[in-house]
Amino acid sequence: MAPRLQICPPSNEARPPADLEWGFAFGAGGAMGLAELGFVKAWQEEGLLTRRERADPDTPEKKKVAFGPFTVLTGSSFGAVAAGVLATDQTDEAIDVFCDMSLRQARQYLDFFRSKGGLIEGAEITQELRNRFGEVMIEDLGVGYCAMAMQIPDRPIRSLISANRKELFRKVPITKGKLWKATAASIRVPVVIAPMPHAEEDDAGDGGFAEVNVGDGGFVEMVPVQAAQELGAKWVFGVDVGKRGSLLHMGRRAVRDWHLREAKPYEMTSVVVPHGGGRFDRADEIIDAGYAQGRRGVGKMRAKIERCLEQRAR
């Protein structure tokens, strides 16, 4: 049966400015996020995400790149992985890996009862990400990149019931360091996967670092549109994922819209994955849903790009 697809209406009708950078934000969603790989594949085939070198007058000695009109890539949870895959030109390889994954292979990543911070330690998943991205540094990608994470205090329940809730739900945007570490931090669902230590610059501004535990960024910015804007993007295209008609999907949409209440201008599209789309062993169906959605959005995005070029030529 063909996947059921739906294109959500634009969240903001503002036209993308012709003289400013664009950002691409990948949403959280666990295995449903595989649809984002299919979406990217469709746009790559149409030339909308073609990698190109670009000039940067501020740092002419440093190589800068863009993917079509997008110079900033951000992601939360699996979206951070999808953004990293695009940034490192590994879309085809990643799709092949996930489509060949069986349920037994997926279960091998679940290292249960080896950590006090979650049901699984996450070491196997982290190693897979390290194998995928190697020792690539975010600073060397040539494109603005952010993996959104969330601070997880040592005693989260106490923080939740106390006045210190900001510590629990504080955003930790990771824009520097090794790509595999950033993606591994962003996918760690609280309680399920043990949090990951992350060194961030302290508030003193003296170049010092403080170590905090971080986890899944989807809890603080489900589709990190604002993270892209903070990296310089003045117009952002976001991809979200979900299941049609489910209470979880409606709840996700409400949380996503609340996160985006102050973000503009941007446009959002949602990929509705087929039944069972929360399982990695059904990757082919989920990726196909994203691919079909991407194909449906090609004409609209191409028209936006053409309007942008026309404005620049005036």
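Of the listed pairs 181/300; 178/300; 64/264, which have alpha-carbon separations greater than 31 Å here?
Pairs exceeding the cut-off: 181/300; 178/300.
Given the peptides 138-144, 302-308, 229-235, arrange them by the average over their residues of other C-beta atoms within 10 Å, most packed first.
By packing density, highest mean first, the sequence is 229-235, 138-144, 302-308.
So for the pair residue 250, residue 53, with labels modelled 7 Å out along Cα→Cβ, what separation do we get in nm?
So the two model labels end up 5.3 nm from each other.
Over the heavy atoms of residue 291, what accessible area does a 1.4 Å probe trace out, to the nearest 10 Å²?
So the heavy atoms of residue 291 present about 70 Å² to solvent.
Under 5 Å between amide hydrogens, which residues at least 5 positions from residue 73 or on another chain qualify, with H placed 1.01 Å from N in the peptide plane?
Excluding prolines and chain starts, which carry no amide H, the hits are 24, 144, 145, 146.
Let me cross-check residue 287: its accessible surface, 1.4 Å probe, with only protein heavy atoms counted, in Å² to the nearest 10?
Accessible surface of residue 287 is approximately 10 Å².
Can you give the local net charge around residue 85? Use residues other than it whose beta-carbon is closer than 13 angstrom to its beta-carbon, Lys and Arg +1, Asp and Glu -1.
-3
Give me the number: length gained by fully extending residue 135 to residue 303, i.e. 0.36 nm times residue separation minus the C-alpha to C-alpha distance, one decimal in nm.
Length gained, residue 135 through residue 303: 56.7 nm.
The values are calculated or read from the model by the stated rules, or taken from the named source; none is laboratory data. Just so it is clear, the structure is predicted and the values come from calculations on it, not from any experiment. For neighbour counting, all protein chains shown are included, and Cβ atoms are generated from backbone atoms with ideal geometry for every residue, glycine included. Only protein heavy atoms, including side chains, enter the accessible area calculation; ligands, DNA and RNA are left aside. Shrake-Rupley method; radii C 1.70, N 1.55, O 1.52, S 1.80 Å.
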